[in-house]
Amino acid sequence: MTTWTAPDGSEINFEQYGGDPNKPHLLLLPGLLGAISSQWRPFLKPLSEQFQLLLVDLRGHGRSQNNAPTLNVTQMAEDMIGLLDALKIERLHIAGYSLGGYLGLMMAMRQPRRVATLLMHATKFYWTAESAGQMVQQLNPDVMAEKVPTYADQLVKEHGGRQWRTLVRQAAELTVSLVEGGIAERLLKNVQVPVLVSVGDRDELVLLPEAFRLSRALPNGELLVLPNTRHPLQTVRLVPLLPMMQIFHTE
């Protein structure tokens, strides 16, 4: 277990693969309630042949701590930037799933010279009070334990028997915060980084019109629609996403 300590004392867990210094860096970010112990794993071996890979457990997720009382996207993005500074990674590619893609976008907006390319897979950008309310109803640990016990058991395994309930509640609060405090669409015109917006054609959370709108709001945005793919990352097959990543994440 390798960690970096954030300014508030939280230890952020990360993993690295592929040590060839001549290869470009690729940061793989998990989604909300996800962990690097399970997400992106099928992609590691083929991607490590082309990139130096960096995987990070988001604050409060997996083996990463969170000494703050809540989850805050700004603080989570600052964690990533602080870790990159500590590792002396001056330029990199980013691939983020769900919230990971959102955090990657925040990093690209804050440090455009550092981010070479960004993949946002299954990232919900357009939150409304209605969609956030529906998500909050689902993000209830008691309801999850009763109605989706298999998923609850997975959260226990990934985040710990004591932590997962707190994490779920914090995830609900974070979702609500994105309705009014998220990135404004008008600011996307300033993002010059090439962005590939990827979405499954059967995604239950991110609808195709939303993904299309996001890709068009970005000056260098592209859209990739994956067939027979739902929102969970485990429904993504290596082909066609892997070859698209290998082509897209180049300079």
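Does His93 meet the test of being of a type outside the set (A, V, I, L, M) and assigned to a loop (DSSP other than H, G, I, E, B)? When the stated conditions are applied, His93 does not pass them. Taking first residues from the stretch 147-162 that are without any contact (Cβ under 8 Å) to a residue 40 or more places away in the chain and farther than 15 Å from Ile36 by Cβ and partners that are surrounded by 15 or more Cβ atoms within 10 Å (Cβ to Cβ) and among the hydrophobic types (A, V, I, L, M, F, W, C), the Cβ contacts under 6 Å between residues at least 6 apart in sequence or on separate chains come to Ala152/Met144; Ala152/Ala145; Val156/Trp164. The criterion of being touching a residue at least 12 places away in the same chain (Cβ under 8 Å), in the same structural domain as Ala95 (by TED's automatic domain parsing), assigned to a strand (DSSP E or B) and not aliphatic (A, V, I, L, M) does not hold for Ser215. In the stretch 54-64, is there at least one residue being under 22 Å from Leu224 (Cβ atoms) and either surrounded by fewer than 23 Cβ atoms within 10 Å (Cβ to Cβ) or modelled with pLDDT of 95 or more (or both)? Yes, because at least one residue in the stretch 54-64 is under 22 Å from Leu224 (Cβ atoms) and either surrounded by fewer than 23 Cβ atoms within 10 Å (Cβ to Cβ) or modelled with pLDDT of 95 or more (or both).
Against the criterion of being under 14 Å from the mean Cα position of the chain (by Cα), over 21 Å from Val197 (Cα atoms) and part of a helix (DSSP H, G or I), Asp85 does not qualify. In the stretch 79-104, the residue that is surrounded by the fewest Cβ atoms within 10 Å (Cβ to Cβ) out of those that are touching a Lys or Arg at 6+ places or on another chain (Cβ under 9 Å) and of a type in the set (Asp, Glu) is Glu90.
The values are calculated or read from the model by the stated rules, or taken from the named source; none is laboratory data. The shown structure was predicted, so the numbers you read here are calculated from the model rather than taken from an experiment. Cβ: placed from backbone, ideal geometry, glycine included. Neighbour counts: every protein chain shown.
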